[in-house]
Structure formats: structure tokens, C-alpha cells
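Some notes on the structure that comes next.
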Amino acid sequence: MSLSDSAIKNAKPQPDKDYKLPDEKGMYLLVHKNGSKYFRFDYRFNEKRKTLALGVYPDTSLKQAREKRDTARKQIADGIDPCENKKAVKESRAESIANSFEVVAREWGAKEGQQTHWESNNKRLLEINIFPWLGSKPITDILPKDILSCIKRVEDRGCTNTAYRVLRVCGQVFRYGVATLRVDRDISADLRGSLSKKEGKNFAAITEPQKVGALLRAIDAYRGGFQVICALKLAPMLFVRPGELRQAEWEYIDLDAKEWRYFVTKTKKDHIVPLSRQAIEILTELKPLTGNGRYVFPNTRSESKPMPSFTLLAALRRSGFESEEMTIHGFRAMARTILDEVLGFRPDFIEHQLAHAIRDANGRSYNRTSHLPERHKMMQAWADYLDGLKNGGASVSI
């Protein structure tokens with residue numbers, strides 16, 4: 001006699017044993033003493049008796065259980081053991097999950113030597129531009145056209161340089177996948193030449209004094225974390241590279257000497273940033289909060305790491321300034337333009353303060369102390385000028 005939905009629903013547990021309610025073709029319902037109900041299928045394969053689990057009632061209906069039984073019977077007829085096939089499928093799915101692009105990428109990002117750049121940059125690139133579309137896909141199943149679709153989406157937003165960065169990071173993940181035997185080769189190499197010509201390295205910058213004043217007032221009005229506020233205020237004042245500001249360390253800041261000394265990795269030179277009275281005030285106010293640690297602007301999630309690269313840019317965007325109007329790096333162009341064209345400081349003073357690899361008339365590189373007294377005066381005049389712009393004027397004594 002076959003099972004029915006009502007018979008299954010009304011089946012009561014027995015207190016002292018489990019029992020079976022037969023269906024047909026080897027299938028039955030196993031009723032446990034605790035009241036749970038399981039569909040099972042008994043069969044023989046290679047002269048051995050085996051049992052295949054078909055599901056738990058009511059999550060699996062009678063109709064669904066019979067469909068699974070019929071599939072298993074067909075597999076037996078084709079010489080396939082249903083239990084072994086189910087085990088293989090389960091292992092295959094687990095392997096696919098373990099080898100998904102996102103799992104491989106995060107594993108690569110957690111490697112020693114990668115963590116800082118992963119947390120501050122690469123992680124966000126992939127989370128925004130790749131993971132939503134390819135993150136759960138096994139890395140072996142991803143084709144060049146899949147990556148191209150994602151990076152074209154970035155390029156269509158007008159972010160060609162970002163598209164190149166995303167492609168580069170994808171290549172690094174694939175090469176890690178090759179090294180860990182997850183995938184045969186780096187397919188990102190097939191996409192060389194597929195993107196538009198890379199944009200120049202000019203960063204959007206506000207250089208008109210009146211607009212600079214509005215920008216500074218917007219920064220003053222920003223409401224966010226205290227560290228971010230301090231970093232935003234120092235960015236135009238010091239006009240160092242964004243990464244240098246984020247990674248500033250208290251060890252190299254001498255508030256008494258009014259100087260910040262550090263090594264510039266881009267030019268492989270030691271550098272000195274004279275600190276104006278306004279910069280000293282900001283750092284003095286910040287020191288009780290972060291001064292016991294390594295970084296002036298530590299990561300809020302881990303004090304052993306600096307502030308993430310996107311933090312200041314995000315704050316600038318929330319202050320109302322779009323990417324084509326102003327960037328954090330743009331504070332350097334702002335200072336270079338106004339110090340030269342408006343305030344009239346010598347170009348070599350400015351270039352040296354920008355930590356550019358400049359040389360004198362005899363071809364010798366300036367050392368870090370070149371024109372240091374004059375640069376101290378220039379940095380104080382610059383900070384005073386910014387105050388004047390912020391307050392609606394532009395008066396400064398040079």
C-alpha cells in the first residue's frame with residue numbers, strides 16, 4: 001500500500017522504537033521515537049544493500065521524495081551508485097565554495113605583507129566592483145569575459161584608472177590561485193589592451209582662491225570622527241601626498257622644533273615638513289587621543305594600522321565635492337599654484353616642499369634641509385593665507 005499525505009501527517013511516534021511506513025519501489029517513511037519523520041530509499045548496488053536519505057518531512061514533501069527516488073533508480077540503471085553520487089556532489093559543492101573567487105581573494109589579502117594594502121585599498125576595490133558579480137563563483141569557472149564585464153562597468157562610470165587597478169588586483173588574485181593550485185593560469189592577462197587609454201595622473205584640484213575659501217569652510221563644517229576632521233584640516237595646510245599624511249607617525253613629529261621628518265618612498269628621499277602654528281594646534285589637540293600609539297591617524301578597527309586610503313576622500317565627497325572637482329591629492333596642486341602665482345614664493349622652495357626629486361643648477365639633488373628657514377616662513381604664510389581665505393579675505397604678510 002502506497003503512502004499518502006494524510007497518512008504521513010497522522011503518523012504518531014511509538015515510545016519504545018522507530019518504525020517504517022512503506023511506500024513503493026523501495027521507498028518508505030521512517031518515524032523516529034522523537035516524532036521526526038524521514039524519507040528513505042533502500043536499494044542494492046554491486047550486491048550490497050544500501051540506504052539513501054531522501055529528505056525530512058515536512059521540508060521534503062511526498063512528491064519530492066518520490067522524484068528523488070525515481071532519479072536514484074535511474075542512476076542505478078545507469079551503473080551509478082546514488083549514495084556515492086550524492087557524496088561526490090556534496091564534496092564538489094564544498095570545494096566550489098572553498099575555491100570561490102571571494103574566498104581566494106580574501107585568503108590572498110590575509111597573507112603576511114598584504115594585510116595593510118588589502119584593508120586600505122584592494123578589499124574595497126573588489127567589494128564594490130567584483131564580489132557582487134563574481135565573488136561566489138568558483139575561480140576555475142570565471143572567464144576573461146566575466147572580468148571584462150565587471151571592469152567595463154567601472155570604466156563606464158568614468159573611472160578608467162580605477163578599472164585598471166581592479167584588473168591588476170584580479171590578476172594578483174588569480175596568480176595567488178595558481179600558486180595555491182586552485183586555477184591553472186592568470187586569465188586577466190588576456191584582457192591587456194581591452195580598456196580605454198589610461199588617464200593622465202592630473203588630480204582634480206581647486207586653485208581659485210575664492211573657491212578655496214568655500215572648500216575650507218566646508219571642511220570646518222564637516223561632522224565626522226575627530227581624527228578624520230584633523231586629517232582633513234591638515235591636508236591643505238601641509239599638502240603632502242595622501243598616503244604620507246595617513247601614515248604619519250608620532251615618532252617623527254617634533255612639536256617643539258615645529259617639524260615632521262619622514263622618508264618619502266616615492267622619491268626615496270628624507271623629507272622635512274615645517275609645521276605652522278595652526279598645524280601645531282591641531283596636532284596638540286589630537287595627541288591625547290592617538291599619541292600613545294604609532295600612527296597619528298590610526299585605523300579605527302586596528303590601531304596597528306593607519307587610516308584607510310578611502311576615508312579622507314569619502315569625507316571630502318560627503319562635504320559636497322565631487323571627484324572631477326577636488327581630490328585629496330589636489331591639495332598639492334592647490335598649494336603649488338597659489339604659492340607661486342598668488343603669494344610669489346620661489347618655485348624651488350615650493351618644489352622642494354612638495355618633496356619632488358629636484359636638482360640644482362649643477363645637477364645635484366637638494367638635501368632635505370635645503371632652504372629650511374625659508375620653507376618654515378613659507379609654510380606659516382601659507383597657513384595664515386588659508387585662514388584668511390576661510391574667513392572671507394586673503395590678507396597675509398609675506
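The values are calculated or read from the model by the stated rules, or taken from the named source; none is laboratory data. A quick note: this is a predicted structure, and the numbers were derived from the prediction, not measured. Note that each Cβ is placed from the backbone with ideal geometry, even for glycine, and that neighbours are counted across all protein chains shown.
Of note:
- Filter result for T311 (polar (S, T, N, Q), buried (at least 21 other Cβ atoms within 10 Å of the Cβ) and not in a strand (DSSP E or B)): yes
- Filter pass, D42 being in contact (Cβ under 8 Å) with a residue 40 or more places away in the chain and not hydrophobic (A, V, I, L, M, F, W, C): no
- Boolean, Y385 is of a type in the set (F, W, Y), at pLDDT 85 or above and more than 35 Å from the chain's Cα centre (by Cα): yes
- Test result for N85, surrounded by 12 or more Cβ atoms within 10 Å (Cβ to Cβ) and not hydrophobic (A, V, I, L, M, F, W, C): yes
- Matching residues, the stretch 186-208, being touching a helix residue (DSSP H, G or I) at 6+ places or on another chain (Cβ under 6 Å) and modelled with pLDDT of 90 or more: D186, I187, S188, D190, L191
- Scan of the stretch 221-262 for residues that are among the small types (G, A, S), over 16 Å from E281 (Cα atoms) and in a helix (DSSP H, G or I), ordered by number: A221, G243
- Filter pass, R217 being surrounded by fewer than 20 Cβ atoms within 10 Å (Cβ to Cβ), assigned by TED's automatic domain parsing to the domain that holds P274 and either in a loop (DSSP other than H, G, I, E, B) or in contact with a His (Cβ under 6 Å, 6 or more places away or on another chain) (or both): no
- From the options K87, K37, residue that is within 30 Å of L134 (Cα to Cα) and not assigned by TED's automatic domain parsing to the domain that holds L126: K87
- Across the stretch 314-339, the qualifying residues are those that are among the basic types (K, R) and either modelled with pLDDT under 85 or surrounded by fewer than 18 Cβ atoms within 10 Å (Cβ to Cβ) (or both), and the one among them that is nearest to R241 (Cα to Cα) is R317.
- Taking the stretch 35-70 as the range and being surrounded by 15 or more Cβ atoms within 10 Å (Cβ to Cβ) and out of contact with any strand residue (DSSP E or B) (no Cβ under 9 Å at 6 or more places or on another chain) as the test, only F45 passes.
- Test: residue in the stretch 172-191 that is of a type in the set (K, R), within 19 Å of the chain's Cα centre (by Cα) and under 18 Å from S100 (Cβ atoms): yes
- Criterion: modelled with pLDDT under 90 and of a type in the set (A, V, I, L, M) - qualifying residue of L125, L148, L134: L125
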